[in-house]
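Remarks on the structure that follows.
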Amino acid sequence: MPSASYVRIFDTSLRDGEQAPGASMTSAEKLEVARALARLGVDVIEAGFPAASPDDLAAVQSIATEVGREPVEGRPQAEPPVICGLARCTRSDIDAAWQGVRGAKRPRIHTFLATSDLHLKHKLRMSRAEMTAKAVEMVAYARSLCKDVEFSPEDAGRSDPEFLHQVLAAVIKAGATTLNIPDTVGYTLPDEFGALIAGIIKHTPGAKDVIISVHCHDDLGLAVANSLAGLRAGARQAEVTINGIGERAGNASLEEVVMAIRTRGAKIGLQTGIDTTQLCRISKLISRSTGYPVPPNKAIVGANAFAHESGIHQDGMIKNALTYEIMRPEDVGAMHTTLVLGKHSGRAAFSKRLTELGYPLEGDALLKAFNEFKKLADRKKAVLDADLIALAADELATVPELWALESLQVMCGTTGLPTASVRLRDPDGKIRSHAAIGTGPVDATYKAINAIVQLPVELLEFGISAVTEGVDALAEATVRVRHEEQRSSHGHGADSDIVVAAAKAYIASLNHVLSRQSTGRVLHPQSTPTEIST
């Protein structure tokens with residue numbers, strides 16, 4: 001038997017989760033998810049609402065026989081999870097639920113009926129006495145079919161507590177083994193919901209002999225907080241969904257409830273049987289099956305859950321991960337902590353990542369590469385490793401920067417002639433400029449550079465490629481030239497603008513030629529061209 005501190009995890013992703021608009025799954029997808037939930041270690045799988053459709057019934061039957069009968073794959077000593085089917089308080093629904101789950105080793109029927117005066121008056125059109133009689137009758141009928149019966153008083157969060165206690169006491173006598181207390185519309189506050197659970201345990205005859213469960217919706221963003229409040233007040237089952245999917249704003253998120261219990265174990269004093277290292281994997285599975293993307297800022301499983309861009313945070317993470325992470329990424333199945341390099345990143349994180357990539361920079365080279373990185377980060381949302389390598393490669397080059405690009409402006413299109421205006425800094429630090437026309441923007445740029453540097457070379461190779469994906473990708477250009485009888489010289493350049501990258505690569509190749517001249521002298525232009533040349 002589980003200890004008094006053990007919390008049963010009841011996953012309703014396949015039932016309540018699937019009721020989210022557009023989140024329906026095929027029978028095959030449901031079976032795949034059910035197998036993943038069993039491997040995750042959930043105690044109860046609510047496989048569906050068998051009375052809803054023949055396909056839903058078939059899916060529940062398949063899960064009951066294929067997931068609910070044998071020990072869990074990879075966990076041979078573990079009992080198969082309880083397989084549960086939902087039913088309204090009608091004989092036909094309960095019959096369908098039993099037909100769906102009866103093939104499981106541990107079947108459960110879950111039936112519900114509203115207890116709030118609002119629902120009784122406007123939806124059910126029943127008196128309190130009629131509602132109580134109906135609930136007792138249907139729980140007794142369900143118990144005649146299945147020894148494990150769960151009852152939910154719908155809209156319990158807005159029900160009169162005294163009447164709720166009376167109904168719950170009556171269904172316990174009728175055979176209910178689990179009492180699930182739903183905050184159906186996500187209305188209660190954590191202190192209210194905790195008090196509701198404590199009051200049920202204290203004032204409902206027989207409540208201490210059954211399992212009290214919590215089922216909280218997220219309409220006010222309090223589903224997880226309310227669930228934890230209910231568990232701390234004595235409930236020992238939490239009804240949750242992967243990624244928090246569900247009707248309207250969704251349900252309490254399984255991964256958040258479980259990791260709160262694990263991370264704050266000393267404070268909460270509870271435990272679960274969940275293998276948390278599988279959380280990220282099953283989160284992706286549910287997202288793929290339902291078509292519901294996981295927000296990047298989603299707790300535990302979001303893409304940014306273990307990502308840091310702020311320079312202050314990155315510096316702390318480099319020194320000690322505990323400064324900004326209360327969980328280890330591997331505990332939830334995430335690959336690793338990511339120091340996202342963007343415009344908020346500091347030099348320490350930039351330098352660390354370059355070293356990890358095998359491109360260590362120090363001193364002026366590091367400062368220059370970091371400045372170029374900042375410029376790039378202002379144009380891109382995230383700078384990827386390939387971008388960093390391209391930047392570092394420029395700084396690790398052994399060729400001295402004799403000529404340097406100060407600015408470049410091009411005009412091109414389907415009309416007019418491609419024109420490039422180039423400003424270079426010469427080896428003496430002077431700024432020289434020229435404008436030229438070419439067959440295209442790169443050709444015009446190279447002609448302008450040639451007019452300034454006045455170093456006759458033959459262009460042997462020119463190539464350009466995107467370092468990363470997307471329209472904001474960093475472009476990497478490579479150029480190979482030959483001057484007179486020298487062997488060929490190459491240059492490399494990277495920039496988010498492909499023409500600028502091409503210009504940097506060409507200038508680098510010219511610097512390579514100049515640095516290898518036997519005389520050791522740098523060729524200077526005889527004049528400073530300013531006219532348009534063709």
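The values are calculated or read from the model by the stated rules, or taken from the named source; none is laboratory data. Here the structure is a predicted model, which is why all the values come from computation and not from measurement. As a convention, Cβ positions derive from the backbone with ideal geometry for all residues, glycine included, and neighbour counts pool all protein chains shown.
Annotations
- Every residue from segment 454-469 that is outside any loop (DSSP other than H, G, I, E, B) and under 50 Å from the mean Cα position of the chain (by Cα): L459, L460, E461, F462, G463, I464, S465, A466
- Elements of type helices (runs of 4 or more DSSP H) in segment 183-293, at least 3 residues being touching a strand residue (DSSP E or B) at 6+ places or on another chain (Cβ under 6 Å) and modelled with pLDDT of 95 or more: 223-232
- Residues of segment 15-33 satisfying the condition of being over 15 Å from I83 (Cα atoms) and in contact with a strand residue (DSSP E or B) (Cβ under 6 Å, 6 or more places away or on another chain): G17
- Restricting attention to segment 270-301 and to residues that are out of contact with any Gly (no Cβ under 6 Å at 6 or more places or on another chain), more than 15 Å from G246 (Cα to Cα) and of a type in the set (A, V, I, L, M, F, W, C), the residue that is surrounded by the fewest Cβ atoms within 10 Å (Cβ to Cβ) turns out to be A299.
- Filtered residues of segment 481-534 (kept if surrounded by fewer than 18 Cβ atoms within 10 Å (Cβ to Cβ) and modelled with pLDDT of 80 or more): R482, E484, D497
- Of all residues assigned to segment 183-204, none qualifies as being touching a residue at least 24 places away in the same chain (Cβ under 8 Å), crowded, with 20+ Cβ neighbours inside 10 Å, aliphatic (A, V, I, L, M) and under 30 Å from L285 (Cβ atoms).
- Condition met for T419 (among the hydroxyl-bearing types (S, T, Y), surrounded by 14 or more Cβ atoms within 10 Å (Cβ to Cβ) and at pLDDT 85 or above): yes
- Matching residues in segment 353-371 - criterion: being among the charged types (D, E, K, R) and at pLDDT 80 or above: E362, D364, K368
- Hits in segment 422-448 (condition: hydroxyl-bearing (S, T, Y) and either under 18 Å from H492 (Cα atoms) or surrounded by 15 or more Cβ atoms within 10 Å (Cβ to Cβ) (or both)): S433, T445, Y446
- Number of the condition not met by A451 [criteria: (1) at pLDDT 95 or above; (2) part of a strand (DSSP E or B); (3) not aromatic (F, W, Y)]: (2)
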